[in-house]
Amino acid sequence: MIKSSIKFIGLLGLSMLLVFGIHLFVLKFLGFSLFDNKIIAAYFFNFILAVVIVLILTLLQNKAAGLLGFVFMAGSLFKFLLYFIFFNSSFKEDGDISRLEFASFFIPYSTALIIEVVFLSKTLNK
């Protein structure tokens, strides 16, 4: 369990760093400011929450296997709740959420979610 958790954290970290680098490259190429729209906070936020959710699920894997789907959904709900508390309010300060603001949160969110789902499906199917 510890070995697979470390593997997940490494895979997620490398993937998030790669996507972050690509994201910054595209922003620079298009002439936008690199570190606006809470981009660093969004990547860090999604990384930490993905790690916490996966660790909780792997800990519960043998103890409460029937509840894992509900725990995963609760974790996703928790992510959205924190998004609305910490990100959405500042994004809507001007009355509109721009594409850059949306991308600054959605790209790391979807990256972390895809890696979470793939890792958990492989781990829990063993």
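The values are calculated or read from the model by the stated rules, or taken from the named source; none is laboratory data. Computed from a predicted model, the values in this text were never measured in an experiment. Don't worry about glycine lacking a Cβ; one is built from the backbone with ideal geometry, like all the others, and counts go over all protein chains shown.
Okay, here's what the table says:
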item: Subset of the stretch 1-52 that is among the aromatic types (F, W, Y) and part of a helix (DSSP H, G or I) - its residue that is surrounded by the fewest Cβ atoms within 10 Å (Cβ to Cβ); result: F29
item: Every residue from the stretch 67-87 that is surrounded by 15 or more Cβ atoms within 10 Å (Cβ to Cβ), within 14 Å of the chain's Cα centre (by Cα) and among the hydrophobic types (A, V, I, L, M, F, W, C); result: F72, F87
item: Tally of residues being buried (at least 17 other Cβ atoms within 10 Å of the Cβ) and within 22 Å of L18 (Cα to Cα) across the stretch 114-126; result: 4
item: Some residue of the stretch 88-109 being modelled with pLDDT of 90 or more and either more than 15 Å from K38 (Cβ to Cβ) or surrounded by fewer than 13 Cβ atoms within 10 Å (Cβ to Cβ) (or both); result: no
item: Within the stretch 84-115, considering residues that are of a type in the set (S, T, Y) and part of a helix (DSSP H, G or I), the one farthest from L27 (Cα to Cα); result: S89
item: Test: residue in the stretch 68-88 that is touching an Asp or Glu at 6+ places or on another chain (Cβ under 7 Å) and in contact (Cβ under 8 Å) with a residue 40 or more places away in the chain; result: no
